[in-house]
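Below is one structure; the comments refer to it alone.
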Amino acid sequence: MTTLLLALLGCYAAGIFLPLCLPGRPRIQNVIANGLAGAAGLLGVILSLMGLLSAQPLLLSVPSTLPFLTFAIQIDPLAAFFVLTISLAGLAVSIFALGYLVEYSGRRSMGALGALYNGFLLSMTLVVIADDGFFFLVVWELMSLVSYFLVVTEHEKAEVRYAGFFYLIMMHVGTAFIILTFLIFFQEAGSFSFEAFRHPEQPLPEGMRTFAFLLALIGFGTKAGIVPLHVWLPYAHPAAPSHISALMSGVMIKTAIYALIRVYFDFLGGQFPWWWGFVILVVGAVSALLGVLYALMEHDLKSLLAYHSVENIGIILLGIGAGMIFQAFGLKDFAALGLLAGLYHTINHAMFKALLFLGAGALLSVTHTRNMEEYGGLLRRMPWTGFFFLIGAVSIAALPPTNGFVSEWLVFQTLFLSFHLPALFLKLMLPIAAAMLALTGVLALACFAKAFGISFLAQPRSGHARHAEEVSPAMRIGMAALAGVCVVLGLAPMVVVPWLDRITEPLIGASIQGKVLALDGWALAPVNVEFSSLSTPALALMLAGLAALGLVLAWLFGGRITARYYKTWGCGLNLTPRMEYTAIGFVQPIKRVFSTLYRPTVKLETEFIEESRYFAKRRWFEFHIEPVFQRYLYDPVVAFFSTMADRLRFIQSGSLHLYLTYIFVTLVLLLLIAM
Amino acid sequence: MLHALLLVGVQTIVLLVVAPFVVGLIRKVKARLQCRRGAGVFQPYADLAKLFRKQPVVSTTTSWIFTATPYILFASTLAAGLLVPVFASKMPLNFAGNIIALVYLLALGTFFLILAGLDAGSAFGGMGSSREAIVASLTEPAMILSIFAIALTAGSTNLSTIVHKTALLEGIVTDPAPHLMALAALFIVALAETGRVPVDNPATHLELTMIHEAMVLEYSGRYLALVEWAAGIKLLVFLTLIANVFAPWGIATTHTPAAIGIGILVYLVKVSGLAVLIGTIESMFAKLRLFRVTDLLGVAFILALLALVFFYILRG
């Protein structure tokens, strides 16, 4: 395993340096960078599967000359699972990028792009296998910085620069909180090694534990994109090249989920009061619902997908939060179930979100726009991309028998088990969270019906869409791989659940594999078959069989009749794309029902023909929803700091002498305090 | 194995055969209440047979989604029907999914129907799809909560266990208050989900009001037949759910031919009764404006929540 790990790290390292050594040969740089990343991804998949199945965690430690810093690595089942997620996505995305980056060649430095891409994957992998707090912070920071450079790939656009800047600021605020979290652990442990965090010399006082909980939630929550710390996501994810967005949205934000589980269940030993779990649950429910509600109002396909990441992080946290509540009351089986559901959704979301972003990238590469209103009719022009996007859409909308459905079903079951809890308040709150999850799920369905329906169906809405052609084979293979993984994760929970059980067992202290799987693994049955059961293979067979029955019945009652093809009835006019429902029109009822949240502003201007005010010559329609969080939460903070900076400007004269005086005065003051 | 296949086959046939009858019965009741004679109860069978024999016309702007949707809708609705105990409480396919799976199977059909509505490119289809999306969104939370309230009283989320336990009178009637509230909530949900008055009017083809009919406006021939049949089955699934979860008495708890025969007969009586009730309600109420549907479904949500609160308070 150690050799495999070194080979993996070597591939990424070579992927960073080799492309830089071959300037001026973009095609070779592209093949080398993505080929090595893909190879590393493949190695990562093998390594992580071995890590998941082996009894002993892989430990590796290289001391450094810097104080406190040790390059320590540990691959336990939890780390292995996240390596698997990163590597699977990395493998598929690398294949896609082979084709996708062709259009960037010549416009961008392929060497820099390839090196950064490999660096990004490497830093994410190191984040989840780091076994030392200091090392973790270094690679965490590396991950943020590398992804910042990737976000600003198209830096000549002002909005991309703004997105990048916003991202950078948010990440550093988050990292500050993470550093504080680790310092709390360091205080009692006396060392930055994770082993010392787990077993400090003196146990952390209660107040400090709570403090660590909150700091970690804010710090890692910023990366995960929980509401209200999600504001950077809809800027940064669409700004990056699509294959990077796929990794950022699918995988990078999951490293924060990893870190949260590591801190709460590992460092803090899974010992916490129930209100911690409740806080996570509320954060999850709110993120899920607001994420999907804002996604509905987006007509930029990539922003829409970015908001859905907020939603899915919420769903993951619903599972984990419910698990924490059960854990606090000592209901270990249910706690393990909640954590398992959250982890299952983590890998599912990584796969279908990466797939959807790659699909969006494919659309972007042929139409050169992210605006859904300029798509349309693409399923007939890009049948494969459309098919894979549909698989992703059905999965994210959690429709049976896909993977998204399996994990959402598990979250529902966890929430339904709340009647075992002793407190009436929680007994009522968990079902309400389930109702919010139901609303989220069906709004996601509406949102992806919109995204797929407006983009791929009916007539093309613009010249770009009319002339669209299917993308290159490499891009199709990348998407097909992810679509395949989605299908397998949906139909084979009997394989996935035992793996996940290996992760949750050491964290919770209870193995639930035998309690979740029933009927030789063909059905999921949390608690028992009498309480609840689900078998996606059976459902898939039923659906296939009954669809065949429909065909047979149609043939039996009607015989063979060939359909007649004719244009759609347009009330006597020829049907044009202008008559189709638009994305904005599609969500109008939802906008109206939730108008208290959206506070929409609509601007309609009409220019009339000169002869009469009864005939409009041209109309402008503008529609905005209020960015509530930015306006009421972030703007005041930014305004405060700007004013403070303004007030303090008088000390910044630009004179060197004055600055030397400041340094001298500070030094004297410090010496006085020290005395 | 053979035994299991036979049982599943019988349930499939019962669902397929009874669905058009229920639709016909509701129409008949409405006609009589409006002092019309109305078409015969078996008219929907003739309609389906005719539609299957007609040549379908497919729009040239559509993709394979349009032609595949009727089959997906038919399959998902029927699959949902197979998860519900119809004439016997224990069925071989019950392990395939609990009540959440049922809800999401129906959602699968809705998803593809929404896509199909957008596919032909006419404004009517898009309008129907858009409205279906909001009605479905508002229905779901109330549905999940009412289902949970029922699941609590029976101590299971598996439909067969709920029905079986109730049929054998295991403790369910001890708290009728939450049970009745959940029933009321689920009834409202059923009306909304199946597109009945006061949420949608299945008898109208007026642009401004239709929801479901607008989505399927471009369908004809065998495709329309399958869509209509699936709509009938969906209605039947909800009626079965209400009948068997809240009044499972008479359902076969064993698999002897006699018990199953009685089960089917009792089932017919129960769904006929519910069909008459729905026909009466449709005649008594006017259709709500689209944006007033929120209030109705809000009431359903609150009822379901109250059912939950009452359950916990009564149990202490």
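A short reminder: the numbers here are calculations on the coordinates, not readings from a lab. Note that the structure is a prediction, hence the values are computed from the model and not measured. Don't worry about glycine lacking a Cβ; one is built from the backbone with ideal geometry, like all the others, and counts go over all protein chains shown.
A compact table of results
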read-out	value
³J(HN,Hα) computed for each position of region B:67-76 - Karplus, 6.51 cos²θ - 1.76 cosθ + 1.60, integer Hz, glycine/proline x	7, 7, 3, x, 6, 5, 4, 4, 5, 5
Exposed GluC sites (Glu not before Pro) absent - longest run of chain A, DSSP non-H/G/I/E/B, at most 13 other C-beta within 10 Å	A:202-468
Which of B:T62, A:P241, A:G119, positive extreme of dipole for the protein assembly as shown (C-beta unit charges)	B:T62
Shielding by partners - mean other protein chain Cβ count within 10 Å, residues of A:422-428	2
Chymotrypsin sites (Phe, Trp or Tyr not before Pro) lying in DSSP loop within region B:1-81, provided at most 14 other Cβ fall within 10 Å	B:F42
Alpha-carbon centroid distance for the pair region B:137-151 / region A:314-370, whole angstrom	23 Å
The protein assembly as shown - share of DSSP beta bridges that are antiparallel (%, nearest 5)	80 percent
Cα-based Rg and Dmax for region A:629-674, where Dmax is the largest Cα-Cα distance (Å)	16.3, 45
Rounded Å value of the spacing that divides the Cα centres of region A:123-171 and region B:184-242	50 Å
Sequence-distant lysines (8 or more away, or on other chains) whose Cα lies within less than 19 Å of A:K254	A:K223, A:K302, A:K353
Rounded to the nearest 20 debye, dipole of region B:117-223 from Cβ charges on Lys, Arg, Asp, Glu	220 debye
Restricting region B:210-243 to GluC sites (Glu not before Pro) in coil, as DSSP defines it, with at most 11 other Cβ within 10 Å	none
Computed label-point distance, nm, for sites A:W555 and A:R198 using a 7 Å Cα→Cβ extension	6.0 nm
Residue exposure sequence - A:T85, A:T536, B:T256 - by fewest surrounding Cβ within 10 Å	B:T256, A:T536, A:T85
Coil-residue chymotrypsin sites (Phe, Trp or Tyr not before Pro) of region A:587-617, DSSP, other Cβ within 10 Å capped at 14	A:Y614, A:F615
Charge dipole of chain A about the Cα centre (unit charges at C-beta), most positive-ward option of A:F165, A:L59, A:I46	A:F165
Quarter of Cα convex hull surface for chain A, i.e. mean projection, nm²	39.1 nm²
Averaged over B:44-57, number of beta-carbon atoms from partner chains that fall within 10 Å	3
Rounded to the nearest 20 debye, dipole of chain A from Cβ charges on Lys, Arg, Asp, Glu	1680 debye
Cβ-based charge dipole, region A:196-270, positive-most Cα from A:L217, A:W232, A:P205	A:W232
Separation of alpha-carbon centers, region A:609-631 and region B:266-284, rounded to whole Å	49 Å
Extension reserve of the A:E622-A:L53 stretch, reckoned as 0.36 nm per residue once the Cα distance is removed	199.3 nm
Distant-in-sequence amide H partners of B:A252 (H built 1.01 Å from N, under 5 Å)	B:A88, B:S89, B:G263
As computed over region B:203-316, the Cα convex hull volume per residue (Å³)	161 Å³
